[in-house]
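The structure appears below as structure tokens.
The values are calculated or read from the model by the stated rules, or taken from the named source; none is laboratory data. Everything numeric in this text was worked out from a predicted model, so none of it was measured. Don't worry about glycine lacking a Cβ; one is built from the backbone with ideal geometry, like all the others, and counts go over all protein chains shown.
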Amino acid sequence: MTVEVVERVVRALVVALMNGLLYFPGHRRVMQSCEEAVAALDAYLERQALLVLGIREGLLVFEGKPLYDLSLYAHRLIRTLRDHDAWGLRFERGLTAPQVRRLVEVLLEAGSASASDINGQLAQEGISGLALEVQPLVERGVAGAGGASQGGEALGEEEVSREIYTNALAVLQDIMVELRRGEKASFSHASDVAAGLAEAMRLHRRPLIALTAVKNYDEYTFNHSVNVCIYTTALAEALTTDAEEVVRIAQASLLHDVGKILIADEILYKPGRLSDGEWEVMHQHPVVGAKILVEAQGVDELAVNVAFGHHLRYDRQGYPQLMATVTLDPVTELVNVIDVYEAVTAKRPYKKPFPPERATELLLEGCGRDFNPVCVEAFLGCFGVYPAGTRVLLEGGCQGEVLSTNPQDPFHPLVRVTHDPEGEPVAGGEVVDTAEQDEAAGFRCEVVKSLLE
């Protein structure tokens, strides 16, 4: 429960920060998010004297433990704090929403001011219940996040993957801010991210794909677009040896939903069912996205095609409505499959996520109507029913994490056991090949189901 409260605080701060960037710090949505943050803080500080969030190696740290998934969500907050040489945030009892809003405002307008300078400014204004951490918490005995080594040593696979992932999120958010402000957006960084991701996919395929298991996200995060990009790029790497083509595909899939950037927040993040009029607006985002990309410099034509056509469906009965029959390129039809799969497996405030096995059923049911059957077959052949990173329950009661897919049998992946039947963590758990058969030609240990967070 404690970590859940911390997540509420962080999520509210992230939304406040993004709305402050998009509009201005005094905007009603900023204040609303600050009120949500204070409500969560009050719930936590009823029993604790203070709440301290640290930053260690690009990750949020709470009570000595890294918060991996939440750190992906909060990358903009982490980056903003580190821009001011801050190593975290400290909250005490008695804070008000206007005081938290003032922190957001100062962070956005402080330029190159240091964490100490910002703390001094807040103290001068009588705000003493919150402060930026000016030293790494590890120096005070708080356990680090592990992973990347100190002293200039090379980053590990997981750290490299997280950095690529968060850079992609940052680029998409920067594009959104520029477009929402009526500025001419620069897509050159999107090209750089696509090239870097394509290269990393060859070197760090498993940890990159595992990051797509992060499904608990909310507004202004763009995790959906990055996850679609990772899935698509991984599949492209498996289907072609043409490195330049893989980069083109990576860029196109990363930008496939760029048209949603100009959809009003009230529609895009509405917690309930959209009205007919709102759906009509939403159905324009492929056209809006294609127009944005046509007018941009340095964007490949494939990205325009994918942005325009990824909701047309295999039978062309999707949207936008067409006056004539069109031929979609294979990449657009592939993104159509991956876009739907990723969306239905995501956790949103207004819907529960589909488990991977149910999402697979949806793809198979839609073959020949919604989806190109060849693309569905290619997707399942590459990722299986349970993609890498999926938590699963095994026969016998053990829990595990999927390491890789069995190309010959998408229902039987390679799984590392993480918890015993009593739910206790297992150090250095056994790797189980769920495709292994017994003497009676049955399977020795099958996946019972996936486990959602």
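Of all residues assigned to region 247-256, none qualifies as being surrounded by fewer than 17 Cβ atoms within 10 Å (Cβ to Cβ) and in a helix (DSSP H, G or I). Of the residues making up region 401-429, those that are over 15 Å from R206 (Cβ atoms) and surrounded by 12 or more Cβ atoms within 10 Å (Cβ to Cβ) are D409, P410, F411, H412, V417, T418, H419, D420, V426, G429. Residue pairs whose Cβ atoms lie under 9 Å apart, separated by 6 or more positions or on different chains, with the first residue in region 297-320 and closer than 14 Å to A190 by Cα and at pLDDT below 95 and the second aliphatic (A, V, I, L, M) and part of a loop (DSSP other than H, G, I, E, B), are V299/L255.
Summed over region 417-453, the residues that are more than 21 Å from T345 (Cβ to Cβ), in a loop (DSSP other than H, G, I, E, B) and among the β-branched types (V, I, T) give a count of 1. Taking the criterion of being among the hydrophobic types (A, V, I, L, M, F, W, C) and closer than 19 Å to L77 by Cα, the residues of region 115-137 that qualify are A115, I118, L122, L130, A131, L132, V134, L137.
Scanning region 31-75 for residues that are of a type outside the set (A, V, I, L, M) and within 13 Å of G88 (Cα to Cα) yields G54, R56, E57, G58, F62, E63, G64, P66, S71, H75. Being modelled with pLDDT of 95 or more, crowded, with 20+ Cβ neighbours inside 10 Å, in a loop (DSSP other than H, G, I, E, B) and over 21 Å from the mean Cα position of the chain (by Cα) is not true of L363. Looking only at residues in region 366-400 that are touching a Cys at 6+ places or on another chain (Cβ under 6 Å) and not in a loop (DSSP other than H, G, I, E, B), the one that is surrounded by the most Cβ atoms within 10 Å (Cβ to Cβ) is V376. Give me the pairs, please: first residue somewhere in region 436-450 and closer than 15 Å to G396 by Cα and free of Cβ contacts under 8 Å to residues at least 24 places away in the same chain, second residue anywhere and among the charged types (D, E, K, R) and surrounded by fewer than 14 Cβ atoms within 10 Å (Cβ to Cβ), beta-carbon distance under 6 Å, and either six or more positions apart or on two chains. Filtered contacts from region 436-450: R444/E436; R444/D438. The number of residues in region 156-199 being within 21 Å of the chain's Cα centre (by Cα) and assigned to a loop (DSSP other than H, G, I, E, B) comes to 2. Entry remark, region 235-283: residues being among the charged types (D, E, K, R), touching a Leu at 6+ places or on another chain (Cβ under 7 Å) and either closer than 19 Å to L22 by Cβ or modelled with pLDDT under 95 (or both) number 1 in total. Scanning region 323-360 for residues that are under 20 Å from the mean Cα position of the chain (by Cα), in a loop (DSSP other than H, G, I, E, B) and surrounded by fewer than 17 Cβ atoms within 10 Å (Cβ to Cβ) turns up P349, Y350, K352.
When you scan region 94-117, do you find a residue that is β-branched (V, I, T) and either within 30 Å of V160 (Cβ to Cβ) or not assigned by TED's automatic domain parsing to the domain that holds R11 (or both), even just one? Within region 94-117, not a single residue is β-branched (V, I, T) and either within 30 Å of V160 (Cβ to Cβ) or not assigned by TED's automatic domain parsing to the domain that holds R11 (or both). Of the residues making up region 350-391, those that are closer than 19 Å to F411 by Cβ, without any contact (Cβ under 8 Å) to a residue 60 or more places away in the chain and of a type in the set (D, E) are E361, E365, E377.
Of the residues that sit in region 200-214 and are more than 13 Å from E157 (Cβ to Cβ) and touching a helix residue (DSSP H, G or I) at 6+ places or on another chain (Cβ under 8 Å), which one is surrounded by the fewest Cβ atoms within 10 Å (Cβ to Cβ)? Among residues in region 200-214 that are more than 13 Å from E157 (Cβ to Cβ) and touching a helix residue (DSSP H, G or I) at 6+ places or on another chain (Cβ under 8 Å), the one surrounded by the fewest Cβ atoms within 10 Å (Cβ to Cβ) is V214.
For V258, are the conditions met, namely being in the same structural domain as F379 (by TED's automatic domain parsing) and either closer than 21 Å to S188 by Cβ or charged (D, E, K, R) (or both)? Yes; evaluated as a whole, the condition is true for this residue.
Just wondering, is there one or more residues in region 263-272 that are in contact (Cβ under 8 Å) with a residue 60 or more places away in the chain, farther than 19 Å from N223 by Cβ and assigned by TED's automatic domain parsing to the domain that holds R180? So far as region 263-272 goes, yes, one or more of its residues are in contact (Cβ under 8 Å) with a residue 60 or more places away in the chain, farther than 19 Å from N223 by Cβ and assigned by TED's automatic domain parsing to the domain that holds R180. Here region 60-105 is the region considered, the condition is being among the hydroxyl-bearing types (S, T, Y) and crowded, with 21+ Cβ neighbours inside 10 Å, and the residue that is modelled with the highest pLDDT is S71. Considering region 106-126, the residues that are in contact (Cβ under 8 Å) with a residue 40 or more places away in the chain and surrounded by fewer than 17 Cβ atoms within 10 Å (Cβ to Cβ) include one that is nearest to L45 (Cα to Cα), namely L108.
On the stretch given as region 257-297, residues that are surrounded by 17 or more Cβ atoms within 10 Å (Cβ to Cβ), part of a loop (DSSP other than H, G, I, E, B) and charged (D, E, K, R) total 1. Looking only at region 434-453, residues that are under 20 Å from T360 (Cβ atoms), modelled with pLDDT of 90 or more and charged (D, E, K, R) come to 2 in all.
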